[in-house]
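Trainee: Quick one: this structure, given as structure tokens, is what I'll be asking you about.
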Amino acid sequence: MLELATNDSLPVLLPFCEGKLLGTYLACRARCYKADYDFVRIWTAYDGGVTAAVGAMDSTAIVLADATADFEELGCFLAMQGFSSVMTDETTAARCGLTVRQTKTAFRFTGRIPPEQNAVSDADMQSVYHLIAESIPGSFAGTKEAYLRFLSDFTFRKNRGAARMCAVTEGDAVLATALTAAETDTAAVISGVAVRASERGKGYGKRVVRAMLRALALDGKTADVIALNPSAEAFYRALGFAELQKICDCN
């Protein structure tokens, strides 16, 4: 049975999340926000150990389940909650009877630590945000209110070692950027990889991702990413990423 986690019960979740891409998202939320904020909620199913977990931020959810989970119960729970979107792996989506809107490929970096790259970690965040919003359709809304929500969450996580940014800049202009959507002590999920339209094809995308990979590797963290399209899949494979699993965005 899924039960709302408390600060006392959250530590049980962390071993269940270890080594899993979706687990990195869940563990990051659990460690940063705990059970102290109404807009972040985490439920766990326990049967001698955690078998499933649902982490919600506002109306969106991430679902992680192992083979022993009660998928009928999990599917009913998700339907009852009425989340606007659910992100989970392909198997869990099918076993919970979720309607899949989009399937994407997740990758894990298995290459060597890249050499030091010419990138910075202190670029103007508003410029970074708008570059991502312009470059990746559906990523961020291009409004002041959306940016302020992003900045609040990113800063909150960054101050707790759970988010970072790399950028390639020229003067005050941000040419390329990469973020981490979630980090734990051992893992990170890279997101927000974007290059200014006028600068594409010049190697800035590879440079900024390599800078991020190097920073994460030096901190002892594995690096995962979810490719949004076939072009992105080829890009990550060329950088030393190997296919990990299929991730579904569901209604």
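Trainee: Take every Cα-Cα distance within region 50-171, group them into 10 Å bins from 0 onward, and report for each bin the whole-number percent of pairs it holds.
Mentor: Pairs per bin, as whole percents: 10, 29, 32, 23, 6, 0.
Trainee: I've got another one for you. Which parts of region 148-179 would a label at Gln126 reach, counting a residue when its backbone N lies under 16 Å from a point 7 Å out along Cα-to-Cβ?
Mentor: 148-152, 172-174
Trainee: Can you check what the net charge comes to around Thr103, using other residues whose Cβ is under 14 Å from the Cβ of Thr103 (Lys, Arg +1; Asp, Glu -1)?
Mentor: -2
Trainee: Under 5 Å between amide hydrogens, which residues at least 5 positions from Ser139 or on another chain qualify, with H placed 1.01 Å from N in the peptide plane?
Mentor: Those qualifying (amide H under 5 Å, at least 5 residues apart or on another chain) number zero.
Trainee: Can you sort Lys34, Lys158 from fewest to most other Cβ atoms within 10 Å of each residue's own Cβ?
Mentor: Ascending number of Cβ neighbours within 10 Å: Lys34, Lys158.
Trainee: Moving on. How tilted is helix 71-81 with respect to the longest principal axis of the chain? Cα atoms for both, answer in degrees (0 to 90, nearest 10).
Mentor: Roughly 70 degrees between the two axes.
Trainee: Would you kindly derive the ³J(HN,Hα) couplings of region 179-190 from the backbone phi angles with the Karplus curve 6.51 cos²θ - 1.76 cosθ + 1.60 (θ = phi - 60°), listing them in order in whole Hz, with x for Gly and Pro?
Mentor: 10, 10, 6, 6, 9, 10, 5, 10, 8, 8, 10, 7
Trainee: Still on this structure, please answer the following. Please state the charge dipole magnitude for region 2-98, taken about the Cα centre, from unit charges on C-beta atoms (+1 on K and R, -1 on D and E), reported in debye and rounded to the nearest 20.
Mentor: Working: 6 positive and 13 negative charges, 59 e Å.
That gives a dipole near 280 debye.
Trainee: Angle between the Cα long axis of helix 144-158 and the longest principal axis of the chain, 0 to 90 degrees, nearest 10?
Mentor: It works out to around 80 degrees.
Trainee: If you bin the C-alpha pair distances of region 2-98 every 10 Å from 0, what whole percents do you get?
Mentor: 17, 56, 27, 0
Trainee: Only counting other Cβ atoms within 10 Å, I'd like Val54, Val225, Val100 sorted with the fewest neighbours first.
Mentor: Ranked by crowding around the Cβ, least crowded first: Val100, Val54, Val225.
Trainee: What Kirkwood hydrodynamic radius do you get for region 121-251 when you take the inverse of the mean 1/r over all pairs of distinct Cα atoms, in Å?
Mentor: Mean inverse Cα-Cα distance, inverted, gives 15.2 Å.
Trainee: Another one. Give me the angle, in degrees from 0 to 90, between the Cα long axis of helix 21-33 and the longest principal axis of the Cα atoms of the chain, rounded to the nearest 10.
Mentor: 90
Trainee: On to the next question. Check which residues have an amide H placed less than 5 Å from Ala181's amide H, if you skip close sequence neighbours.
Mentor: Val189, Ile190, Ser191
Trainee: Across the chain, where is the longest run that never hits chymotrypsin sites (Phe, Trp or Tyr not before Pro) in a DSSP loop with at most 13 other C-beta atoms within 10 Å?
Mentor: Answer from the scan: 40-251.
Trainee: If you don't mind, another one. Toward the positive end of the charge dipole of the chain, about the Cα centre and with charges on Cβ (Lys, Arg +1; Asp, Glu -1), which of Thr51, Gly23, Leu218 goes farthest?
Mentor: Farthest along the dipole direction, towards plus: Leu218.
Trainee: Test of understanding: ordering Asp249, Asp89, Asp185 by Cβ neighbours within 10 Å, fewest first, what list do you get? Don't jump to the answer; show the numbers that get you there.
Mentor: Working: Asp249 17, Asp89 20, Asp185 13.
Fewest-to-most ranking of Asp249, Asp89, Asp185: Asp185, Asp249, Asp89.
Trainee: How long are the semi-axes of the equivalent ellipsoid of the chain, defined as square roots of 5 times the Cα gyration tensor eigenvalues? Whole Å, largest first.
Mentor: For the chain, the ellipsoid semi-axes come out as 31, 19, 18 Å.
Here, each number is a calculation from the coordinates, and none is a lab measurement. In this text the structure is predicted, and so the values were computed from the model without any measurement. Using ideal geometry, Cβ is built from the backbone for each residue, glycine included, and neighbour counts are taken over all protein chains shown.
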